[in-house]
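A.B. asks: Please read through the structure below; I'll follow up with questions.
The values are calculated or read from the model by the stated rules, or taken from the named source; none is laboratory data. Predicted, not measured: the structure shown is a model, and the values here were computed from it. Backbone-built Cβ (ideal geometry, glycine too); neighbour counts: all protein chains shown. The protein model used for the area step is the full one, side chains on, heavy atoms only, and it has no ligands, DNA or RNA in it. Shrake-Rupley method; radii C 1.70, N 1.55, O 1.52, S 1.80 Å.
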Amino acid sequence: VTSLSIKDESDEEDSDEDVNQEKKIKHKIVPELSRLTLLHGKKFHNFEESILQEHSHMHSISENKSHKILKSDKMIKLWRQYNVSHMTRTYPKGTRINSDNYNPLFAWALGCQMVALNMQSHDVANVLNDGRFRMNGGCGYVRKPDWLLNQHANNFSGDAMNVKIRILGGCCLPKPKGRKAGEVIDPFVTVTLHDVKVSGDGNNDDNLASLGQDITVETTHKTSCVNDNGFCPAWNETKGKEFTVLNPDIAIFHFNVKDADMVSSADNIADAAVPVAALKKGFRNIQLHD
């Protein structure tokens with residue numbers, strides 16, 4: 001039995017074209033890995049289009065792009081609506097060559113699930129992030145408030161609240177930067193409320209104010225300095241400070257202990273961040289972290 005294979009010139013040309021096309025195809029991700037991946041990154045154009053995409057499609061939005069979005073009431077509402085059924089990752093702008101960070105509160109207030117930070121810097125943003133995720137037993141996941149989970153009610157509708165804080169004392173405070181010897185420290189405490197602005201009437205569709213980069217707000221209280229006492233400094237504040245919290249679901253208190261220095265700027269000793277949602281009334285002890 002003789003087998004005969006006939007191939008004309010056109011077949012050879014088609015075959016060559018197929019080979020050339022295969023060579024031109026370049027995969028940014030190994031196809032086998034892509035088939036195992038649950039979430040697929042998609043380039044952001046507008047949220048009207050994004051909301052209609054598959055729920056497994058997500059966006060990575062830079063700090064600069066986020067600030068542009070925050071200038072529009074409509075875009076803020078659509079971004080929160082998108083985050084009910086899709087995932088968003090935000091990340092610092094590339095020009096932060098000192099590895100500092102943006103304030104993560106605005107992204108949390110919009111329902112973003114992955115708020116990326118430069119973790120190599122011990123700055124306020126990382127302290128706030130640490131405080132946020134110490135909730136829920138420190139497991140690494142914190143449930144979003146209901147108004148960020150409900151497609152039809154994803155606007156903050158709660159009331160502002162007043163929180164009064166008095167700093168009474170501390171104990172066993174270390175020297176700055178891990179030093180074992182040197183002068184006795186002169187500690188003082190700053191308490192800063194990190195919050196997001198909401199509208200005052202509580203009735204409109206966009207209760208989260210769109211004020212560009214000014215969407216976050218800070219209020220700070222500073223105690224007096226206790227000289228030469230890091231072992232058991234006592235401030236015993238009688239009046240303290242009453243803070244107005246606009247959004248209790250997002251707001252965080254930052255407690256920062258510093259060593260006063262008459263010559264240079266105060267040295268950082270330790271910090272703690274406590275979400276307003278985790279606060280309890282009465283006398284409380286706060287564990288500090290350096």
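A.B. asks: Going Cα to Cα from Lys177, which lysines come in below 24 Å? Please leave out same-chain ones fewer than 8 positions away.
C.D. replies: Lys222, Lys258
A.B. asks: In nm, give the distance between the simple-model label positions of Thr95 and Asn150, each being 7 Å from the Cα along the Cα-to-Cβ direction.
C.D. replies: In this crude spin-label approximation the distance works out to 4.1 nm.
A.B. asks: Taking a virtual spin label 7 Å from the Cα of Met114 along the C-beta vector, which residues in the range 125-152 bring their backbone nitrogen under 17 Å of it?
C.D. replies: From the range 125-152, the list is 140-142.
A.B. asks: For the range 93-158, which whole-number percentage of the solvent-accessible area (1.4 Å probe, protein heavy atoms only) is attributable to carbon and sulfur atoms?
C.D. replies: Working: 1800 of 3460 Å².
Carbon-and-sulfur percentage of accessible area, whole number: 52.
A.B. asks: Going by average Cβ neighbours within 10 Å, how do the peptides 111-120, 57-66 rank, with the highest at the top?
C.D. replies: Highest to lowest by the protection proxy: 57-66, 111-120.
A.B. asks: Output ³J(HN,Hα) for the range 46-60: one whole-Hz value per residue in order, computed from phi by the Karplus curve 6.51 cos²θ - 1.76 cosθ + 1.60 with θ = phi - 60°, and x for Gly and Pro.
C.D. replies: Result, rounded to whole Hz: 7, 6, 4, 6, 5, 4, 7, 6, 4, 5, 7, 8, 9, 10, 10.
A.B. asks: Hey, another quick one. Tabulate in residue order the Karplus-calculated ³J(HN,Hα) for the range 224-230, using 6.51 cos²θ - 1.76 cosθ + 1.60 with θ = phi - 60°, rounded to whole Hz; enter x for Gly and Pro.
C.D. replies: Rounded to whole hertz, the list is 6, 9, 9, 7, 6, 7, x.
A.B. asks: Under a straight-distance cross-link criterion of Cα-Cα below 19 Å, which lysines are reachable from Lys65, leaving out those fewer than 8 residues away in the same chain?
C.D. replies: Result set, ordered by chain and number: Lys42, Lys43, Lys74, Lys77, Lys93.
A.B. asks: Let me ask you something else. Under a crude label model (7 Å from the Cα following the beta-carbon direction), how far is His57 from Lys42 in nanometres?
C.D. replies: 0.2 nm
A.B. asks: Another one. Mind giving me the nanometre distance, one decimal, between the label points for Lys71 and Asn227, set 7 Å out from Cα along Cα→Cβ?
C.D. replies: Here the answer is 5.2 nm between the modelled labels.
A.B. asks: Also: Amide H of Ala270: which non-local residues (sequence gap of 5 or more, or other chain) have their own amide H closer than 5 Å, using H built in the peptide plane?
C.D. replies: Long-range HN contacts for Ala270: Val257.
A.B. asks: Over the range 229-271, what is the mean sequence separation of C-alpha contacts under 8 Å (at least six apart), divided by residue count, expressed as relative contact order in percent? Could you put the intermediate results ahead of the total?
C.D. replies: Working: 23 pairs, mean separation 10.7, N = 43.
Normalised by residue count, the contact order of the range 229-271 is 25 percent.
A.B. asks: Assuming R0 = 41 Å, what is the FRET efficiency of Arg179 and Ala278, from their Cβ-Cβ distance, to the nearest 0.05? Before the final figure, lay out each step's value.
C.D. replies: Values: r = 32 Å, r/R0 = 0.78.
Working from the Cβ atoms, E equals 0.80.
A.B. asks: Next question. Give me, ordered by chain and number, the residues 5 or more places off Val245 or on other chains with an amide H under 5 Å from its own placed amide H.
C.D. replies: Under 5 Å from the amide H of Val245 lie the amide H atoms of Met161, Asn162, Val163, each far enough along the sequence or on another chain.
A.B. asks: If you don't mind, another one. Mind computing the radius of gyration and Dmax over the alpha-carbon atoms of the range 41-88? Å is fine for both.
C.D. replies: Using the Cα atoms of the range 41-88, the pair Rg, Dmax is 9.9, 27 Å.
A.B. asks: I've got another one for you. How much accessible surface does Ser85 have with a 1.4 Å probe, in Å² rounded to 10?
C.D. replies: Accessible area of Ser85: about 40 Å².
A.B. asks: Next question. Within a Cβ distance under 12 Å of Asn150, other residues only, what is the Lys/Arg minus Asp/Glu net charge?
C.D. replies: Values: positive: Arg80, Lys144; negative: Asp146.
Residues close to Asn150 contribute a combined charge of +1.
A.B. asks: Can you give me the accessible area per residue for the range 47-94, using a 1.4 Å probe, in Å²? Show your work: numbers first, answer last.
C.D. replies: Numbers: 2220 Å² over 48 residues.
That works out to 46 Å² per residue.
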